[in-house]
1. Give me the accessible area per residue for the stretch B:122-191, probe 1.4 Å, as a whole number in Å².
2. Give me the aspartates and glutamates in straight-line cross-link reach of A:Lys231: C-alpha distance below 19 Å, same-chain residues under 8 apart excluded.
3. Sum up the charges of everything whose Cβ sits under 15 Å from the Cβ of B:Leu91, counting Lys and Arg as +1 and Asp and Glu as -1, but leave B:Leu91 out.
4. Taking only DSSP H segments of four or more residues, each worth -39500 (n - 2.57), what value at 222 nm results for chain B once the sum is divided by all its residues, to the nearest 500 deg cm²/dmol?
5. How much of the accessible area of the protein assembly as shown, in percent, comes from carbon and sulfur atoms when a 1.4 Å probe is used?
6. For the stretch B:2-271, what is the charge dipole size about the Cα centre, in debye to the nearest 20, if Lys and Arg each add +1 at the Cβ and Asp and Glu each add -1 at the Cβ?
7. Helix A:231-241 versus the longest principal axis of chain A: what is the Cα-based angle in degrees, 0 to 90, to the nearest 10?
8. Measure out, as a whole number of angstrom, how far apart the alpha-carbon centroids of the stretch A:141-194 and the stretch A:50-79 sit.
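The values are calculated or read from the model by the stated rules, or taken from the named source; none is laboratory data. Given the structure is predicted, the values throughout are model-derived calculations rather than measurements. Neighbour counts run over all protein chains shown; Cβ positions are idealised from the backbone, glycine included. Remember, those area values only see protein heavy atoms, side chains included, never the ligands or the DNA or RNA. Shrake-Rupley method; radii C 1.70, N 1.55, O 1.52, S 1.80 Å.
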Amino acid sequence: MWKKESQRTAFAEALVELGSRRKDVVVLTADLSSSVKTNKFAARFPEHHFNIGISEQNMMSIAAGLAGSGSRVFASTFAVFATSRVYDQIRQSIAWPKLNVNIVATHAGITVGGDGASHQMLEDIALMCSLPNMTVIVPCDALETKKAVKSAVDYNGPTYIRLGRSEVPTITKEKTPFKIGKATVMKKGKDITLIGTGIMASQCLLAADELEKEKIDATVINMSTIKPVDKKTVIKYAKETGAVVTAEEHNIIGGLGSTVSSVLSENIPVPMKRIGIPDIFGESGNSEELMEKYGLTSENIVKAAHDVMKRRGVERT
Amino acid sequence: MRNNEIKTLEEKARIIRKHIVEMIYNAGSGHPGGSLSAADILTALYFKVMRHDPKNPRWEDRDRFILSKGHAAPALYAALAESGYFPVNELLTLRKLGSRLQGHPDMRKFPGIEASTGSEGQGLSIGIGASLYAKLNRKLYRVYVMIGDGENDCGQIWEAAMSASHFKTDNLTVILDRNGLQLDGATREIMGIEPLSDKWKAFGWKVIEINGHSFREILNAFDHAKNVKGKPTIIIAHTVKGKGVSFMEGNVSFHGKPPNREEYEQAMKELG
């Protein structure tokens, strides 16, 4: 099976790589350098790393000031503190003037585990997607995290990069192409389209394996950019398969599922089902237990696939 | 030599005040009180203190000015136009559809605006970013940030105050426009922010208190700030909200209200 690797470590490695070949990269954190792992960058490039203390609002506006002056900024903290706590600072100081600040949020989603609801950010994608000029990236594994961070540095405008706390299965390869705004088709099939983001992309692949045993041939798409979403790919595979399931470790409102359903309803309304957190706050537990309890599993995706295929009807034109 | 210089600045400030009143009257909305209280300080900055080049607004080594109290945008626009960043007649497009002169400053609209502001409390942190950039890249430019006294209600101002002294941003000078009034009334009634001087000192800043309408005191304070090493400086400038127009002076109702026709005519007459 897949190797499990840390997205945070990948982020740290990408930062060090960037720091060693360019002088314009600046990294900020808010008393979490050892958790978000910017400490690796800090050890190598101490002058280019600023620990702003537990003052995230201040950090985001300082990031804006640095970016406005010419730095390529990475501002990193936990997803709760990187979004809802600083929404106004991101809106006013960063997104409105379209500055090159990359917000790298770790510890997103329910898989934070034991820390519980206060730290399990499940609304961040919705918040960031609603901001004009903001690009929202949810890498599925460690390799894709590295590519996303390296692509973001020269991207025009702010990005929000969402990472998890725990290790996740590495489902992409070194040579898998990555482009901001472009989905990756992991597997092609004619019967149903499964679209996953972040940790749920691997669950979609597992679900496709299960479906194959029933002779159901699934397309699996890793949607690593939620905004701007790759409409072309969504429409293409919705057309080819006529049924769609989305899966995300995020509130069912305002994330991948909402985005895909907007694309479908305006372009090619096919039956679809969204897997996600049903508009509630999380709770303590270990990651696997929580994924199980809230239905973020391949079994649930398989069930949803049966459901949408039934609604579509077996006979297709 | 300073006497002549001061006369020239006073004359410039008078013209800038006239622009402010005319712009806001013409726009039918805006914030005259806090624009007029800031006018002398902005005049000093743009016509004496700052190194900048309106013909080359992106000059890397220019001093930066950030208007954290973004609602005083008319004062900033007037100072920029009078400096030659854009034609003076464009001032009358303030707040109109398609204008570069947005109700609050938008840095994407034209060079010369160093930060997009308007949501209170963020400009000081942005200024710290610009100041850290200068230190990191061995630039000698200075950063000036103007905050309002009402902004001292914002938590982020104190986060920024703490970090500026932590990072020893001695290339940063803050001007606090202490006009004593905020939207809902006198600052002492809305939220007790005193003792301001002691608070900023306790946060590690060099504090200078001046009369914000005396060019002699304003210029001396900026000179002094340039020579402070190892810590940022805040100039608490005691000002009068609505300064220069008798019926707006100290009148909280002109925080965010334009003059009517009669008031406009009287204001222009008073400003000469």
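1. Details: 2260 Å² over 70 residues.
The answer is 32 Å² per residue.
2. Within the straight-line cut-off, A:Lys231 pairs with A:Glu240, A:Glu248, A:Glu266.
3. Working: positive: B:Lys12, B:Arg17, B:Lys18, B:Arg95, B:Lys96, B:Arg100, B:Lys109; negative: B:Glu22, B:Glu82, B:Glu90.
So the environment of B:Leu91 carries a net charge of +4.
4. On the way: 9 runs with 110 residues, N = 272.
Calculated from helices alone, the mean residue ellipticity at 222 nm is -12500 deg cm²/dmol.
5. Percent of accessible area from carbon and sulfur atoms in the protein assembly as shown: 50.
6. Numbers: 37 positive and 32 negative charges, 192 e Å.
Here the stretch B:2-271 has a charge dipole of around 920 debye.
7. Helix A:231-241 and the main axis of chain A meet at about 20 degrees.
8. 24 Å
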